[in-house]
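Working notes, structure below.
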Amino acid sequence: MDLILVRLLFVLVVAVTCYVIEPFGLPSKLDAGVGALVGLGIVLFEWRLRRVRLTRLIGAAIGSILGICGAYLFALVIRNSVPASHTQSFLQILVMLLMAYVGLIVGANKGDLLNLAALGGIFGGEKQSKKSYKILDTSVIIDGRIADIAETGFLDGIVVTPQFVLRELQLVADSADSLKRNRGRRGLDVLQRLQKMTTLQIQIVENDFPSVREVDLKLIELAKLYEGKIITNDFNLNKVAQLQGVEVLNINELANSLKPIVLPGETMRVFILKEGKEYNQGVAYLDDGTMVVVDNARKMIGKTIDVSVTSVLQTTAGKMIFGKWDDRMGFGRQTASLTPPAPSVPLSTTPVPAAVVQNSTLDAKKAQPIMAERRED
């Protein structure tokens, strides 16, 4: 509330000053109105400026000062080369505005590279913003799952896409191989999908390291420069980055942690798809792609059986489940399921004639003496 009162007071002071001085050569009331508009513009600029980080403000100030110094040198050249006229004045003003604008924009963009945390004191809080940078790898862009993660809101901070990664994506998209070309185009579509998300801030940086040839090593150097984290699903890049002290967010590790937990001793129903590497093994896959290796299941390929989990192996490359199939229990179930049930004879509701009943009774009475003779024998 106090800030609003200060802003209104500032606009009022500017309007009263223009009313008294009449700087625009207009009637007093019109000058006051123009002054109020100027004051509102300044307040709006100040309100937008509050959202800018301190590093960008310092970078913009340094860039503007350097741009004005360069414009002054250009103005001296124009003064000595162009005769004094309106053209000379216009060129000097144009060069001044151009250099100041370019210096402001370039300085603000490069201000993120300033490490104010090294100064300590009140600048120590800027170090936290450095840690919020997430650098995308080419493999994770082509994979596409990063867009789904970003839509859920689990991805925060600034997502950095290096220019050399975009060049690599473009080379893949322009490849003569149709498979590579489709993968590259899918990666470009994923980037466009990320840019359309209003809750995510995408920043394309042009930092390059000419002395480093491999893209993976360039990503590591860029992560060190920005003090950020690399998002990837490349197993080798994950290991190399960890050896050099760079934090990595592996999409595969996230996917493995979200898979259902299976404990030894539990029973699960799987479809045996193919033969395993070891003797008498069968291999099955869960819905999420987890491999299940089943002992004694080689002869059950192409069938669905119940297996008992013996152990679970969790690695950075994925999860494997080992199980065992009981021959007796599993075979009995499978046989029972394959044997068709005996057809049931429906009961007839039609009444039976009395003659048929009497004949059946007589036949039974005749058969009794014969059965008695057989017993005596």
Members of the range 170-205 found to be farther than 16 Å from Glu151 by Cα and touching a strand residue (DSSP E or B) at 6+ places or on another chain (Cβ under 8 Å), listed by number: Gln203, Ile204, Val205
Yes/no for Gln92 being crowded, with 17+ Cβ neighbours inside 10 Å, part of a helix (DSSP H, G or I) and of a type outside the set (Val, Ile, Thr): yes
Subset of the range 247-270 that is polar (S, T, N, Q) and in a helix (DSSP H, G or I) - its residue that is nearest to Gly302 (Cα to Cα): Asn256
Scan of the range 271-307 for residues that are surrounded by fewer than 16 Cβ atoms within 10 Å (Cβ to Cβ) and assigned to a strand (DSSP E or B), ordered by number: Phe271, Lys274, Glu275, Tyr285, Thr304, Asp306
Every residue from the range 35-56 that is within 32 Å of the chain's Cα centre (by Cα), surrounded by 15 or more Cβ atoms within 10 Å (Cβ to Cβ) and part of a helix (DSSP H, G or I): Leu54, Thr55, Arg56
Meets criteria (aromatic (Phe, Trp, Tyr) and within 12 Å of the chain's Cα centre (by Cα)) for Phe209: no
Unmet criterion (only one of (1) outside the structural domain of Ala150 (by TED's automatic domain parsing); (2) closer than 30 Å to Lys134 by Cα) for Asn252: (1)
Gln88 being touching a Lys or Arg at 6+ places or on another chain (Cβ under 9 Å), farther than 20 Å from Lys224 by Cβ and modelled with pLDDT of 85 or more: no
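Yes or no, residue by residue, for (1) surrounded by 15 or more Cβ atoms within 10 Å (Cβ to Cβ); (2) charged (D, E, K, R); (3) assigned to a helix (DSSP H, G or I):
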position	(1), (2), (3)
Ile204	no, no, no
Asp208	no, yes, no
Ser211	no, no, no
Lys218	yes, yes, yes
Leu222	yes, no, yes
Ile230	yes, no, no
Asn236	no, no, yes
Gln242	no, no, yes
Gly245	no, no, no
Test: residue in the range 259-277 that is touching an Asp or Glu at 6+ places or on another chain (Cβ under 9 Å) and either under 24 Å from Arg167 (Cβ atoms) or modelled with pLDDT under 85 (or both): yes
Pairs with Cβ under 7 Å, 6+ apart, first in the range 45-62 and in the same structural domain as Gly107 (by TED's automatic domain parsing) and touching a residue at least 60 places away in the same chain (Cβ under 8 Å), second among the polar types (S, T, N, Q) and surrounded by 15 or more Cβ atoms within 10 Å (Cβ to Cβ): Arg53/Ser129
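The values are calculated or read from the model by the stated rules, or taken from the named source; none is laboratory data. Note that the structure is a prediction, hence the values are computed from the model and not measured. All Cβ positions, glycine included, derive from the backbone under ideal geometry; neighbour counts span all protein chains shown.
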